[in-house]
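These notes are about the structure you will find just below.
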């Protein structure tokens, strides 16, 4: 099951590289060869372990449309740190969390910069889509900037309120 903040979505990416595939998802070990063979193709994604260093991906960030970060278990949160670091490094493509996350982690995944979550069938069966969407809506305000489609972060709102109060005081 693949979902984003709006619900279920179709997966355009294929993990097997065929001649007719427009969107491919390859392991990190194959990224150099894939990028060379498919120069100019904007549908290239890479799947990485949650131990991958951002520096290993940095030379390819502008060439990748998708980075899928593996979560071996819901209790291993290293993928969240990698996602945030990739966003801070300038990656603007799609970030996908892959693995047995739980719905309670969905809002945090979105706040860290993930765009979508790919769940194994067992995880999807335990927590239906409605639970995931409710979890994503549970937190309307976040401290993280740039990954909140609802608007400004909590700190931005506080700063704006402080500036507004200062302007109001100066006008009196």
Among (1) touching a helix residue (DSSP H, G or I) at 6+ places or on another chain (Cβ under 9 Å); (2) free of Cβ contacts under 8 Å to residues at least 40 places away in the same chain; (3) buried (at least 16 other Cβ atoms within 10 Å of the Cβ), where does residue 14 come up short?
(1)
Answer with yes or no whether residue 55 is over 22 Å from residue 136 (Cα atoms), out of contact with any helix residue (DSSP H, G or I) (no Cβ under 6 Å at 6 or more places or on another chain) and at pLDDT 90 or above.
yes
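For every residue, the table says whether it meets (1) at pLDDT below 90; (2) part of a loop (DSSP other than H, G, I, E, B); (3) surrounded by 21 or more Cβ atoms within 10 Å (Cβ to Cβ); (4) touching a strand residue (DSSP E or B) at 6+ places or on another chain (Cβ under 7 Å).
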position	(1), (2), (3), (4)
75	yes, yes, no, no
82	no, no, yes, yes
96	no, no, yes, yes
100	no, yes, no, no
107	yes, no, no, no
How about region 1-45: which of its residues are touching a strand residue (DSSP E or B) at 6+ places or on another chain (Cβ under 7 Å) and part of a helix (DSSP H, G or I)?
28, 31, 34, 35
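Would you mind stating whether residue 145 is assigned to a loop (DSSP other than H, G, I, E, B) and either modelled with pLDDT of 85 or more or more than 13 Å from residue 2 (Cα to Cα) (or both)?
For residue 145, the condition - assigned to a loop (DSSP other than H, G, I, E, B) and either modelled with pLDDT of 85 or more or more than 13 Å from residue 2 (Cα to Cα) (or both) - is met.
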Mind listing whichever residues of region 19-49 are touching a helix residue (DSSP H, G or I) at 6+ places or on another chain (Cβ under 6 Å) and either modelled with pLDDT of 95 or more or outside the structural domain of residue 82 (by TED's automatic domain parsing) (or both)?
46, 48
Does residue 16 qualify as being over 13 Å from the mean Cα position of the chain (by Cα), over 25 Å from residue 123 (Cα atoms) and at pLDDT below 95?
no
Considering every residue within region 120-137, establish whether at least one is part of a loop (DSSP other than H, G, I, E, B) and either modelled with pLDDT under 85 or out of contact with any helix residue (DSSP H, G or I) (no Cβ under 6 Å at 6 or more places or on another chain) (or both).
yes
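The values are calculated or read from the model by the stated rules, or taken from the named source; none is laboratory data. In this text, all values refer to a predicted model and were calculated from it rather than measured experimentally. Virtual Cβ from ideal backbone geometry, glycine too; neighbours counted across all protein chains shown.
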